[in-house]
Amino acid sequence: MLKTLRRLLGLEKLTKYEHNYLQDMNIKTAVYMASIVILLEVWMIIRFLTMYAIPREYTMQKTMAGLKNYFILLATGLILFIFTFLYRKHSQKLRTAGNFVIIAFAGICVYFGIIVSVSDVTGGKQILCFLTMIMFAGCLLIWKPYISILMLTVCIYWFGYKWSLAVVPEEDPVVNDLYYFFHWMNPELNKYMMKGDVVNLITYWISLIFISISIYMQRVTEAKKDERLEIANEELHEKYITDSLTGIRNMSYFANEAEKIMKSPDFILSEAIFLFIDIEDFKNYNEKYGFHEGNEFIKKCAKLLANCFEGDLFARYSDDHFVVLGSTKTALQRLEDLRKRVSILENEITLDMKAGGLIPKYALDPRSACDYARHACNSIKHRKDVFFRLYDDEMYTRFKNKQYVINNLEKAVNEGYIKAYYQPLVWAEDGTLCGLEALARWVDPKIGFLSPGDFIPVLEEHKEIQILDECVIELVCRDISERLSAGRPMVPVSLNFSRVDFETGEVVDTFESTVRKYKIPKQYVHVEITESALTEQLGSLEKNMVRLRESGYSVWLDDFGSGYSSLNSLKDYSFDVMKIDMLFLKNFEKSSKAKPILENVVKLADSIGMQTVSEGVETEEQAQFLKSIGCGRLQGYYFGKPMTIEEFDVAMASGKYKISDHFEVL
């Protein structure tokens, strides 16, 4: 009960939001009140002048005396009207002034209402001015109920007193009697004021009190509702801009704030740097301790980041990656500090940190800037001697070429920029031609010739290599079919399948359907699978290898010896041919170990039923040695560089190559 009474009287403490809400509502109401007052007073001034002052030829003094109250109220309305517009722009600075202006306006309105209505009563008119002004001040403006009750009581009582005085004859001795001030409502003492007028004033007073309480409670309820909604919105916004794991800002916040910083007139491009930070070998930490402990470690790293880069803009990028927008003057020092702190968080597993940086002359978009910095970081990922790399012109050129490859692959395929080049394979025994390896080349009219190293790794990274491989399959099968159909000399061609191709198996479907489409005998196409592919997608790879071999195709192991699982690959998979990686022949003449290693590799292949091809043959000495140890086939620049099918036709016509009579054994 007591709590309800306190709430109804407005004795409960309001929150700052509720208090500001009520004040803002008063300012909004004041706009309309000021407008009405201005219009009314202008009309009253014109009316006074046209009906009284001018026709009756009042003196200036008398005219101004008659207009004094109107001018005061008009000036008050104008001041309030102007103030409300200033308040909208500077509400936080003008809150105290706003309270003063509202109180002053209410006081002047009530005073004006009392003076005018008392004057009207003596002329036998109504008291509408007072009723209007007291409603303006006491109800339309929102006060705490106990203030409204006090104000309404004082104003109405004072008005009643002034009214009663106005109707008391001057000869009555009660005039100016203090006793009369407190007892004017007594009908025995106040014999000149109608009892009904007193009752009406009391009724009006009670009505206004309840109206003011009702409006106050309604506005407070609205304020509470709006405050809850705003708090909910702030919480949602906080979740939107905060990383859920670490509690620091996320990329959405980082990108927006970085953009604002970069647009600031104080921003100096050459002194700013975007950093991309990677906790290296974090995967090992997760495997040892589990994801829960891994998450706790990331939280610790985030706290360290916040401490080391205090004052800079930073965020969690993803996983174990973070980004910072800082100053070139302090960035490296802070990175070194962070690296030291991260390294001592864990003793059993050695964790290091890599970072890439970008001075944003290459990108004015924060997300692109972070991508460039990430690219710089990734370029040193496996280098133990370097922990920071700044994005430079060379990397920018490579990055733009990479973007060009991704964005223009389909166009290159459709426009015929992708070409199939063929490099000869010969029998070691007599040097006769026994096959070709198909190699993809990109001849672009805009940027020129692209070597495989410029686009194949990019396409594999972005899972787009299948488009290239399907194009090469089509080109090779078409070239083989055209030559077989025309009765021109042709040998088997081996096609390279990327490790990414085996993730879906669709390229294998395309390969088989294209061979059937061109009606090519299966002995004319072989499949090469790189050794590096054997470390991933084991299930799908083995399934597709079995499928190809059962369909009658020869499957080759490419680049044997280039990876870390060479012997395991021989144990776990079945291949028809082993292609020995060209790295075995690097520094062949100087290395005393190269020859015995190669000899034993050839013997190993022979012992498990695999034929051998050696890549990278560039000299007569290499060719003779490989022949002497029993390597069956040779490939390299010594026998011919990759060439177009037209160049191959010319070479065959000139007698440069002689086709072996027994290539079909492959």
### Query
Exactly which GluC sites (Glu not before Pro) in region 1-98 are in a DSSP loop and have at most 14 other Cβ atoms within 10 Å?
E12, E57
### Query
Given a 1.4 Å probe, how much area per residue of the chain is accessible, in Å²?
53
### Query
How large is ³J(HN,Hα) for each residue in region 453-467, as worked out from phi by the Karplus curve 6.51 cos²θ - 1.76 cosθ + 1.60 (θ = phi - 60°), to whole Hz, x for Gly and Pro?
x, 7, 10, 5, x, 5, 5, 5, 4, 9, 6, 10, 5, 4, 4
### Message
Could you check the spin-label model distance between N307 and W158? Points 7 Å from the Cα along Cα→Cβ, value in nm.
### Response
6.4
#### Entry: Rounded FRET efficiency, nearest 0.05, which uses the C-beta distance separating W43 from S91 and R0 of 41 Å
0.80
### Query
For K658, which lysines qualify as cross-link partners when the Cα separation must be under 21 Å and same-chain residues fewer than eight apart are set aside?
K627, K641
### Message
Please list, by residue number, everything in region 433-477 whose backbone N is under 18 Å from a paramagnetic label point 7 Å out along Cα→Cβ of S551.
### Response
438, 466-477
### Query
How many times 2.2 N^0.38 Å is the alpha carbon radius of gyration of region 551-613?
1.15
## Note on the structure
Rounded to the nearest 0.05, FRET efficiency between E259 and K658 (Cβ-Cβ, R0 56 Å) equals 0.25
## Note on the structure
Expected unfolding gain across L14-E336 under the 0.36 nm per residue rule, minus the alpha-carbon gap, is 110.9 nm
### Query
Within straight cross-link reach of K93, meaning Cα distance under 18 Å, which lysines are found once same-chain residues fewer than 8 apart are removed?
K16, K28
#### Entry: For region 239-284 and region 60-78, distance of Cα centres in Å
62
### Qualifying GluC sites (Glu not before Pro) in region 236-322, DSSP loop, other Cβ atoms within 10 Å at most 14
E310
### Task
Could you please state, rounded to a whole Å, how far the C-alpha centre of region 597-658 is from the C-alpha centre of region 304-321?
55
### Task
Evaluate the relative contact order of the chain (contact order divided by residue number), counting alpha-carbon pairs under 8 angstrom at least 6 apart; express in whole percent.
8
### Task
Tally up the carbon and sulfur contribution to the accessible surface of the chain as a whole percent, 1.4 Å probe, everything protein left in place.
56
### Loop chymotrypsin sites (Phe, Trp or Tyr not before Pro), region 561-608, which have at most 15 other Cβ atoms in a 10 Å radius of their Cβ (DSSP)
Y564
### Query
What value, in deg cm²/dmol to 500, does the helix sum -39500 (n - 2.57) over DSSP H runs of n ≥ 4 give at 222 nm once divided by the residues of the chain?
-18500 deg cm²/dmol
### 22 Å Cα-Cα reach of K162 towards lysines, excluding residues that sit fewer than 8 places from it in its own chain
K68, K125, K191, K195
### Distant-in-sequence amide H partners of T328 (H built 1.01 Å from N, under 5 Å)
A272, I273
### Task
Determine the distance separating the Cα centre of region 351-389 from the Cα centre of region 202-220; give it in Å without decimals.
67
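Between L140 and I36, what length in nm is gained on full extension when 0.36 nm per residue of separation is reduced by their alpha carbon distance?
Contour length minus the Cα-Cα distance gives 36.2 nm.
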#### Entry: Kirkwood Rh, angstrom, region 80-123 [1 / mean 1/r, Cα pairs]
12.0
### Query
So how much slack lies between T203 and N233, counting 0.36 nm per residue of separation and subtracting their Cα-Cα distance, in nm?
6.3 nm
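What FRET efficiency, computed as 1/(1 + (r/R0)^6) with R0 = 41 Å and r the Cβ-Cβ distance, is obtained for K28 and F291, rounded to the nearest 0.05?
Computed FRET efficiency for K28 and F291 comes out at 0.15.
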### Task
Label region 281-359 by shape, choosing from rounded, prolate and oblate, from the square roots a ≥ b ≥ c of the eigenvalues of the Cα gyration tensor; if a/c is under 1.5 it is rounded, and otherwise prolate applies when a/b is larger than b/c, oblate when it is not.
prolate
### Message
Strictly over 30 Å apart at the Cα level, which of K300/K381; K381/K402; K300/K400 would you flag in this model?
### Response
K300/K400
### Task
Determine the dipole magnitude for the chain: charges of +1 sit on the beta-carbon of Lys and Arg, -1 on that of Asp and Glu, nothing else is charged, the reference point is the Cα centre, and the result goes in debye to the nearest 20.
3140
### Task
Could you state the orientation-averaged shadow area of the convex hull built on the Cα atoms of the chain, in nm² to one decimal?
53.0
### region 514-666 shape via C-alpha gyration tensor axes, a/c threshold 1.5
oblate
### Task
Sort region 437-583 into rounded, prolate or oblate with this rule: let a ≥ b ≥ c be the square roots of the eigenvalues of the Cα gyration tensor; rounded if a/c is under 1.5, and if a/c is not under 1.5, prolate when a/b is larger than b/c, oblate otherwise.
oblate
### Query
In the chain, what percentage of the DSSP-assigned beta bridges are antiparallel, given to the nearest 5?
60
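The values are calculated or read from the model by the stated rules, or taken from the named source; none is laboratory data. If you're wondering where the values come from, they're calculated on a predicted model, not measured in any experiment. Cβ sites come from the backbone with ideal geometry, for glycine too, and all protein chains shown count toward neighbours. Side chains included, ligands, DNA and RNA excluded: accessible areas come from the protein's heavy atoms. Shrake-Rupley method; radii C 1.70, N 1.55, O 1.52, S 1.80 Å.
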